[in-house]
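A quick write-up on the structure given underneath.
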Amino acid sequence: MRLNQLIATTKAMVAGDKGLLAMDESNPTCNKRFAQWGIPQTEESRRAYRELIITTPNLNKYISGVILYDETIRQQQKNGTSFLQFIIETGIIPGIKVDTGTQGMAGHLGEKITTGLDHLRDRLQEYFQMGARFAKWRTVITIGDGIPSQGCIEVNAQNLACYAALCQEAGLVPIVEPEVLMDGTHTLERCGEVTAEVLRTVFNQLYIQRVVLEGMILKPNMVLPGSTCSRQDSIDEVADATVNCFLRTVPAAVPGIAFLSGGQPDELASARLNAINLRFKLQSPWALAFSFGRAIQKPALEIWQGKDANILAAQQALLHRAKCNYTARQGKYNSEMEGERA
Ligand code: 13P
């Protein structure tokens, strides 16, 4: 019964061309983004910003689930309604980031290991009882001179699988996020090689640790040229490299691939998601969805600036990006949509 529910939740997370909204920035990351706009770096500002996001009218038309942070999942709206209750009542599935960030990996200069396995079983139980139905764990893989190393890929894959197995035991759908970062001068081909190697290792570990593939979501990077690579490939080349990489490495039993945006410009992220669906939606074994953070939130944060008077305009901008990505899942997004909001 529990497994049936887990699989039903997994399917609901990627159903109807909707996607996930990542709003699970840790306090230091959220504060860093606030600092750019002179917004006070306080718990109250973070609360007010997250209230703005979740109370955006009609968000549930385009967004199936939101990923929260530990501070956020315990917060309330100004009127006293708990965030979690409000999210559930609007028909959006609440999720929670459960990794505790990254640390430099011992003996591996320039590489990182994700932490958070300590007491994870108890934390997951608490989140499930609160009402969360899925979780997220992000590992980061850096491309550079002589890296990533096999050690870094393997330890992060093992930890991802260990986390995923614990989530399923607790009744939470694990979002498995091995992010190959786009920083660097590497080519599209190199990103494709590294992404394939990472995914092979991750799925081998998921198999070894008995994770049910039908009850998980993969959250990968798109296969992209490094952000400072001299050759920036076309949108269609990116779409082909991305899906071909997954066809070789991701089992068809996985219900959904929900891409992260990874710092891509927001309109370009929508255009690439659109090309991916336009070219592959019909023959793809998995839903080709989105789980964007910055590529949905960025314009809204810029407009809000911490001021109540800007809330409505910020919510319109947020909804617009959500709609653009929903439309991209249908392969019907185009740049003319970007004029609609104005
Ligand atoms: P970005 O889309 O901003 O990369 O964030 C997604 C996310 O949840 C990273 O863990």
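The values are calculated or read from the model by the stated rules, or taken from the named source; none is laboratory data. Only a predicted model underlies this, so the values are computations on that prediction, with no experimental measurement involved. With ideal geometry, Cβ positions are generated from the backbone for all residues, glycine too; neighbour counts draw on all protein chains shown. These area figures cover heavy atoms from the full protein model, side chains too; ligands, DNA and RNA do not enter into them. Shrake-Rupley method; radii C 1.70, N 1.55, O 1.52, S 1.80 Å.
Yes/no matrix, rows are residues, columns are (1) in contact (Cβ under 8 Å) with a residue 40 or more places away in the chain; (2) assigned to a helix (DSSP H, G or I):
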{"residue": "THR10", "(1), (2)": "yes, yes"}
{"residue": "ARG46", "(1), (2)": "no, yes"}
{"residue": "GLU51", "(1), (2)": "no, yes"}
{"residue": "THR56", "(1), (2)": "yes, no"}
{"residue": "PHE86", "(1), (2)": "no, yes"}
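Across segment 247-271, what is the total count of residues that are part of a helix (DSSP H, G or I) and either buried (at least 23 other Cβ atoms within 10 Å of the Cβ) or within 12 Å of the ligand (Cβ to nearest atom) (or both)?
Total satisfying the criteria: 3.
Suppose we filter ASP145, ASP183 for residues that are without any contact (Cβ under 8 Å) to a residue 24 or more places away in the chain and acidic (Asp, Glu); which single one remains?
Of the residues listed, the single one that is without any contact (Cβ under 8 Å) to a residue 24 or more places away in the chain and acidic (Asp, Glu) is ASP145.
Tell me whether segment 287-296 contains one or more residues that are of a type outside the set (Val, Ile, Thr), away from the ligand (no atom under 15 Å from the Cβ), open to solvent by 10 Å² or more (accessible area, probe 1.4 Å) and under 20 Å from the mean Cα position of the chain (by Cα).
yes
Of everything in segment 328-337 that's part of a helix (DSSP H, G or I), over 19 Å from LEU21 (Cα atoms) and in contact (Cβ under 8 Å) with a residue 12 or more places away in the chain, which residue is most open to solvent (accessible area, probe 1.4 Å)?
Among those that are part of a helix (DSSP H, G or I), over 19 Å from LEU21 (Cα atoms) and in contact (Cβ under 8 Å) with a residue 12 or more places away in the chain, it is SER335.
Considering every residue within segment 218-240, establish whether at least one is within 15 Å of the ligand (Cβ to nearest atom) and open to solvent by 20 Å² or more (accessible area, probe 1.4 Å).
yes
Quick check: anything in segment 306-327 over 20 Å from the mean Cα position of the chain (by Cα), surrounded by 15 or more Cβ atoms within 10 Å (Cβ to Cβ), charged (D, E, K, R) and in a helix (DSSP H, G or I)?
Looking for residues that are over 20 Å from the mean Cα position of the chain (by Cα), surrounded by 15 or more Cβ atoms within 10 Å (Cβ to Cβ), charged (D, E, K, R) and in a helix (DSSP H, G or I), one finds none in segment 306-327, hence no.
Quick one: VAL243 ticks every box in (1) within 16 Å of the ligand (Cβ to nearest atom); (2) open to solvent by less than 20 Å² (accessible area, probe 1.4 Å); (3) assigned to a helix (DSSP H, G or I) except a single one, so which number is it?
Failed condition: (1).
Do we have LEU312 as in contact (Cβ under 8 Å) with a residue 24 or more places away in the chain and among the hydrophobic types (A, V, I, L, M, F, W, C) here?
no
Give the residue that is farthest from PRO174 (Cα to Cα), with candidates limited to residues of segment 30-87 that are open to solvent by 70 Å² or more (accessible area, probe 1.4 Å), away from the ligand (no atom under 15 Å from the Cβ) and polar (S, T, N, Q).
ASN79
Those residues that are under 12 Å from ILE276 (Cβ atoms) and among the β-branched types (Val, Ile, Thr), I need them from segment 220-246; list them, please.
VAL223, ILE235, VAL238, THR242, VAL243 - these are the residues of segment 220-246 that are under 12 Å from ILE276 (Cβ atoms) and among the β-branched types (Val, Ile, Thr).
Within the set of pairs 6+ apart or on separate chains, which have a first residue in segment 281-305 that is at positive phi, a second that is outside any helix (DSSP H, G or I), and C-beta atoms under 6 Å apart?
As it stands, the answer is GLN305/TRP37, since those pairs meet every condition given.
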